[in-house]
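K.L.:
Before I ask anything, here is the structure I am working with.
The values are calculated or read from the model by the stated rules, or taken from the named source; none is laboratory data. As the structure is a computational prediction, the values presented were derived from the model and not from experiment. Note that we place each Cβ from the backbone using ideal geometry, even for glycine, and neighbour counts take in every protein chain shown.
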Amino acid sequence: MQSIVRSTFGSGTGPDHLLVNAMLLNIALIIFGWRRYRDLTKEIAERRKAEETARKLAETDPLTECLNRRSMERTTNELRRVSNDYGQAVAFVMIDLDNFKQVNDMNGHGIGDRVLTSLAEQLRQCLPGGTPLARLGGDEFAFAISYDPSNPARVDDIVSKLFESVCGGIDLDGTTIHCTMSIGIASDHSSQSRNDAITDGEKLMHRADIAMYQAKKSGKNRHFWFQSTVENELRFRNELEAGIRRGVRNGEFVPYYEQQIDLDSGELVGFEMLARWNTPDMGVVNPEIFIPIAEEIGVIGELSEQLMVQAFDDAKEWDPKLTLSVNISPVQMRDRWFSQRLLKLLFEHNFPAQRLEIEITETCLHENIGLVRSMISSLRNQGVKVSLDDFGTGYASLSQLRTLPFDRIKIDRSFVRELNYRDSSKIVDAIVSLGNGLEMPITAEGIENEAILETLRRMGQLKGQGYLYGHPEPAVRVIERLRGQGRLSKAGENRNDSGAVTDELADQRRA
Ligand SMILES: [Mg+2]
């Protein structure tokens with residue numbers, strides 16, 4: 001540097017070229033390094049922002065921006081850990097609208113969605129700041145709150161405030177929609193539940209669910225604390241059992257349908273049939289409540305066959321290219337005549353075996369593998385496809401996968417929902433490679449947003465289903481959807497108006 005200055009002022013010879021080059025190179029490296037550092041900082045900030053958006057998408061319900069079921073369970077567990085450390089109890093409060101189906105039927109789904117958004121806002125305003133609020137699905141909301149176990153009245157006060165706020169109606173551009181709610185509360189405090197303290201969030205949610213159904217059963221528009229006194233539980237259980245037997249007799253169980261999509265083309269390829277119970281006194285009850293009891297009291301076979309018959313009739317009105325998937329309970333798979341009964345049902349109702357796909361879970365596999373294998377083979381010989389459902393949550397071994405002739409593997413929703421997180425994408429990736437290796441096509445369940453869909457599309461040629469494509473819907477809605485897409489069969493197109501009306505009426509009557 002000194003020789004450069006001296007040479008500039010004419011006193012001395014020029015600098016050594018090698019040194020000048022070295023210095024210029026140094027300066028260039030510093031500039032390059034600085035620019036790289038700046039770009040990197042920018043890139044990290046953008047990536048953080050994208051990760052934050054993905055996390056938010058994965059954890060929230062897109063319609064109401066409340067938490068979703070999965071993140072609510074985690075949040076409740078966190079709240080319980082902190083609260084219990086300070087001697088506080090946590091109440092999990094489950095809210096369900098009593099007449100949401102009528103709101104949807106009378107005003108359309110657009111208004112239904114706005115009712116849900118406004119309701120979420122009203123709930124938020126009534127709850128103390130920072131209370132985790134979730135939409136668990138459909139018209140079901142929940143929040144968790146900590147309270148002093150000697151003062152459960154605090155929770156009752158908050159719930160009364162909710163009732164007051166909602167009983168005035170929900171105002172949409174001058175039109176007031178009147179709604180009532182049934183609320184179930186479960187506490188993790190032992191004296192509240194009168195016998196055992198609760199150790200996991202899932203059980204707490206389940207108890208709140210039961211309390212909510214008890215509130216519905218006691219006449220709706222009220223709240224109910226879960227009490228696990230033996231008489232209460234037994235009474236409710238007996239009522240449910242009697243209700244299920246009556247429901248089977250009166251045809252109260254109806255099929256709902258969830259769309260299955262070819263992820264590459266976005267084309268609808270079929271529907272999975274899901275059971276719903278349209279009770280006269282509790283509204284639409286989800287299968288998690290009634291299926292285990294129906295299995296225990298031995299009516300699951302009859303219930304399932306009733307639903308299948310309805311589904312065969314419904315599916316005959318659809319484009320014959322659309323498949324119908326039906327879930328089979330492990331209890332049904334213990335019946336050695338199951339495959340014959342199913343084939344007889346197909347024959348009697350003139351439904352092509354090639355359109356039917358049955359879904360069995362991994363639990364079936366470790367009960368009587370020989371029997372299961374022969375049933376799968378005889379069904380496949382007749383053209384029925386068999387898929388392994390909820391893969392990854394049970395105990396299917398690789399050798400079972402290799403030797404049992406499945407047509408498809410369905411990746412459990414719990415892995416798919418987590419796809420925005422790195423470790424879970426490794427699991428899904430591995431299952432997809434496994435499927436490719438065994439030449440078994442894959443369906444991903446639980447696709448909830450575009451980000452998950454994009455990740456799955458990159459993994460290969462998959463089918464998929466999930467709330468991104470819509471919630472499960474009753475037969476009449478499926479017909480409307482298919483009519484809009486021009487995908488009804490001749491029978492569906494010829495369905496006269498009186499037929500449609502009769503169906504609508506039947507649907508309302510069931511509701
Ligand atoms: Mg299934």
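K.L.:
Could you go through the stretch 88-95 and let me know if any residue there is under 30 Å from Ser187 (Cα atoms), assigned by TED's automatic domain parsing to the domain that holds Arg207 and in a helix (DSSP H, G or I).
P.N.:
No, the conditions are met nowhere in the stretch 88-95.
K.L.:
Based on this model, can you work out whether Leu303 counts as touching a Phe, Trp or Tyr at 6+ places or on another chain (Cβ under 9 Å) and either in contact (Cβ under 8 Å) with a residue 12 or more places away in the chain or more than 14 Å from the ligand (Cβ to nearest atom) (or both)?
P.N.:
Criteria met by Leu303.
K.L.:
Let me ask something else about it. Inside the stretch 413-435, can you point out the residues that are within 16 Å of the ligand (Cβ to nearest atom), touching a helix residue (DSSP H, G or I) at 6+ places or on another chain (Cβ under 8 Å) and of a type in the set (D, E, K, R)?
P.N.:
Across the stretch 413-435, the qualifying residue is only Arg417.
K.L.:
Filter the stretch 360-387 down to the residues that are under 20 Å from the mean Cα position of the chain (by Cα) and without any contact (Cβ under 8 Å) to a residue 40 or more places away in the chain, then identify the one that is farthest from the ligand (Cβ to nearest atom).
P.N.:
Glu362
K.L.:
Which one of these is among the small types (Gly, Ala, Ser), within 30 Å of Gly466 (Cβ to Cβ) and part of a helix (DSSP H, G or I): Ala58, Ala45?
P.N.:
Ala58
K.L.:
Can you name the residue in the stretch 266-289 that is more than 16 Å from the ligand (Cβ to nearest atom) and touching a Phe, Trp or Tyr at 6+ places or on another chain (Cβ under 6 Å) and, of all such residues, is farthest from Glu359 (Cα to Cα)?
P.N.:
Met282
K.L.:
How about the stretch 177-200: which of its residues are modelled with pLDDT of 85 or more and either under 27 Å from the mean Cα position of the chain (by Cα) or assigned to a strand (DSSP E or B) (or both)?
P.N.:
Within the stretch 177-200, Ile177, Cys179, Thr180, Met181, Ser182, Ile183, Gly184, Ile185, Ala186, Ser187, Asp188 qualify.
K.L.:
State whether one or more residues within the stretch 213-224 are among the small types (Gly, Ala, Ser), modelled with pLDDT of 85 or more and within 20 Å of the chain's Cα centre (by Cα).
P.N.:
Within the stretch 213-224 (the criterion being among the small types (Gly, Ala, Ser), modelled with pLDDT of 85 or more and within 20 Å of the chain's Cα centre (by Cα)), the answer is no, since none of the residues qualifies.
K.L.:
For the stretch 63-78, which residues satisfy the criterion of being surrounded by 15 or more Cβ atoms within 10 Å (Cβ to Cβ) and in a loop (DSSP other than H, G, I, E, B)?
P.N.:
Thr64, Cys66, Asn68
K.L.:
Further question: Conditions: (1) within 16 Å of the ligand (Cβ to nearest atom); (2) touching a residue at least 40 places away in the same chain (Cβ under 8 Å); (3) surrounded by fewer than 21 Cβ atoms within 10 Å (Cβ to Cβ); (4) in a helix (DSSP H, G or I). Gln310 meets all but one. Number of the miss?
P.N.:
(1)
K.L.:
Any chance the stretch 461-469 includes a residue that's in a helix (DSSP H, G or I) and either within 16 Å of the ligand (Cβ to nearest atom) or touching a residue at least 40 places away in the same chain (Cβ under 8 Å) (or both)?
P.N.:
Yes, the conditions are met somewhere in the stretch 461-469.
K.L.:
Given the criteria within 24 Å of Leu79 (Cα to Cα), within 27 Å of the chain's Cα centre (by Cα) and either of a type in the set (A, V, I, L, M, F, W, C) or modelled with pLDDT of 90 or more (or both), does Phe236 qualify?
P.N.:
no
K.L.:
Within the stretch 391-412, take every residue that is charged (D, E, K, R) and buried (at least 20 other Cβ atoms within 10 Å of the Cβ) and give me the one that is farthest from the ligand (Cβ to nearest atom).
P.N.:
Selected residue: Asp412.
K.L.:
If you don't mind, another one. So which of Glu121, Glu164 is more than 22 Å from Glu473 (Cα to Cα) and within 25 Å of the chain's Cα centre (by Cα)?
P.N.:
Glu121 is the lone residue from the list that is more than 22 Å from Glu473 (Cα to Cα) and within 25 Å of the chain's Cα centre (by Cα).
K.L.:
Filter the stretch 316-341 down to the residues that are within 16 Å of the ligand (Cβ to nearest atom) and among the aliphatic types (A, V, I, L, M), then identify the one that is farthest from the chain's Cα centre (by Cα).
P.N.:
Met333
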